[in-house]
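As structure tokens, the structure follows; a few thoughts come after it.
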Amino acid sequence: MAALTRLEAAGKIMVALDKPDAAAALAVADQLRGSGCWMKVGMELFYATGPSIVQELKARGFRIFLDLKMHDIPNTVRGGARSITRMGVDLFNVHGAGGIAMMKAAAEGVKDAVDAGEAKQAPIVIAVTQLTSTSQTVLNEEIGIAGLVEDAVVRYAKLAREAGLQGVVASPLEVAAIKAACGTDFVTVTPGIRPRGADAGDQSRITTPHEAVMGGTDYLVIGRPITAALNPSEALDNILKEMTEQ
Ligand SMILES: O=C(O)c1cc(=O)[nH]c(=O)n1[C@@H]1O[C@H](COP(=O)(O)O)[C@@H](O)[C@H]1O
């Protein structure tokens, strides 16, 4: 594999802006402006600010992953997907555990918005497989799903593809198996990234940024290693160096 350029590496990073309000989120975003990375808006921030944060970040030139992990009956998800599409985000997720009908409904909601002229672009829709905080033991003994985490992840990936979604969220550890089952174009968005020596915290299935790139992932979701750093811009720089090493 050819080494990534710095700009290519930055375009693969989605910074998880898990912050309590717009001021805290924008303070980090402003330090990363112009870097080429994406911003991920999740529940903590979105529930506090509503859609205005998406507009604020778009105005600063960032591409946006809206991470609300919809999981509901198909009709509700279809309407939710239509509303999300109207906001002009670039990518959003639903839960694979909702099944094929629910995931199809998400894709239909996107189409509803685009066909009605409510949105200029159709966002990429992906499905969460097994959360990267879920360990093999928790999956088997607590959640009660037998077998390997990787098999459970690939099962959801195949359902997502069958429903017409473009990709999944999973750990970088499962990228090769997902691509083998669903094709190389099937998008993998991978949290559970920890630079060398960083604290794993609540994450369970983790790799370093370098390992994630070597494993062939499309996007690396990285939160606290950047957003909780004293200098987020320097933290991003160090990660980019790690990603561009051969
Ligand atoms: O959908 C997600 O983005 C997601 C799925 C998953 O399985 N694991 C996971 O950590 N995430 C998100 O990715 C981010 C990871 O943040 P850090 O652990 O701080 O790097 C958080 O915003 C999580 O909500």
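Every number here is computed from the coordinates shown, using simple stated rules; none is lab data. In this text the structure is predicted, and so the values were computed from the model without any measurement. Note that we place each Cβ from the backbone using ideal geometry, even for glycine, and neighbour counts take in every protein chain shown.
Go ahead and estimate [θ] at 222 nm for the chain from helices alone: -39,500 (n - 2.57) per DSSP H run with n ≥ 4, summed, over the residue count, rounded to 500.
-12500 deg cm²/dmol
For an R0 of 41 angstrom, estimate the FRET efficiency from the Cβ-Cβ distance between residue 3 and residue 230 and round to the nearest 0.05.
0.90
With contacts defined as alpha carbon pairs under 8 Å and 6 or more residues apart, what's the relative contact order of the stretch 1-84 in percent?
Contact order relative to length: 27 percent.
Roughly what would the spin-label model give for residue 33 and residue 101, points 7 Å off Cα along C-beta, in nm?
Output for this residue pair reads 4.8 nm.
For the charge dipole of the chain, defined by +1 on Lys and Arg C-beta atoms and -1 on Asp and Glu C-beta atoms about the Cα centroid, which residue among 5, 243, 121 has the Cα displaced farthest towards the positive pole?
Of the candidates, 121 comes out farthest on the positive side.
To make sure I understand the rule: partners must be lysines, Cα under 16 Å from the Cα of residue 241, and not fewer than 8 residues away in the same chain. Which ones qualify?
List returned: 12.
For a test of the definition: using alpha carbon positions, the gyration tensor, and the 1.5 limit on a/c, classify the stretch 25-78 as rounded, prolate or oblate.
Taking the square roots of the gyration eigenvalues as a ≥ b ≥ c, the stretch 25-78 is prolate.
Are there trypsin sites (Lys or Arg not before Pro) in the stretch 94-126 that DSSP puts in a loop and that have at most 11 other Cβ atoms within 10 Å, and which ones?
Here the sparse-neighbourhood loop sites are 120.
Counting Lys and Arg as +1 and Asp and Glu as -1, what is the net charge of the other residues whose Cβ lies under 14 Å from the Cβ of residue 152?
Around residue 152, the surrounding residues sum to -2.
Only four residue types carry charge here, +1 at the Cβ of Lys and Arg and -1 at the Cβ of Asp and Glu. Report the dipole size of the stretch 6-243 about the Cα centre in Debye, rounded to the nearest 20.
Taking the Cα centre of the stretch 6-243 as origin, the dipole is about 460 debye.
Let me make sure I get this right: for the stretch 6-243, a, b and c are the square roots of the gyration tensor eigenvalues over alpha carbons, sorted descending. Under 1.5 in a/c it's rounded, otherwise prolate if a/b > b/c, else oblate. Which is it?
It comes out oblate by the Cα gyration axes.
Assigning unit charges at the beta carbon (Lys, Arg +1; Asp, Glu -1) and nothing else, what dipole magnitude in debye, to the nearest 20, does the stretch 125-209 show about its Cα centre?
The dipole of the stretch 125-209 has a size of about 260 debye.
Label-point separation (nm) for residue 141 and residue 23, each offset 7 Å from Cα along Cα-to-Cβ?
Between residue 141 and residue 23, the label points sit 4.5 nm apart.
What's the extension gain from residue 181 to residue 44 if we count 0.36 nm per residue and subtract their Cα-Cα distance?
Separation in residues times 0.36 nm, less the Cα-Cα distance, equals 46.0 nm.
So what's the gap between the Cα centers of the stretch 67-127 and the stretch 1-24, to the nearest angstrom?
Cα centroid of the stretch 67-127 versus Cα centroid of the stretch 1-24: 23 Å apart.
In terms of Cα to Cα distance under 13 Å, which aspartates and glutamates are near enough to residue 120, apart from those fewer than 8 places away along the same chain?
90, 112
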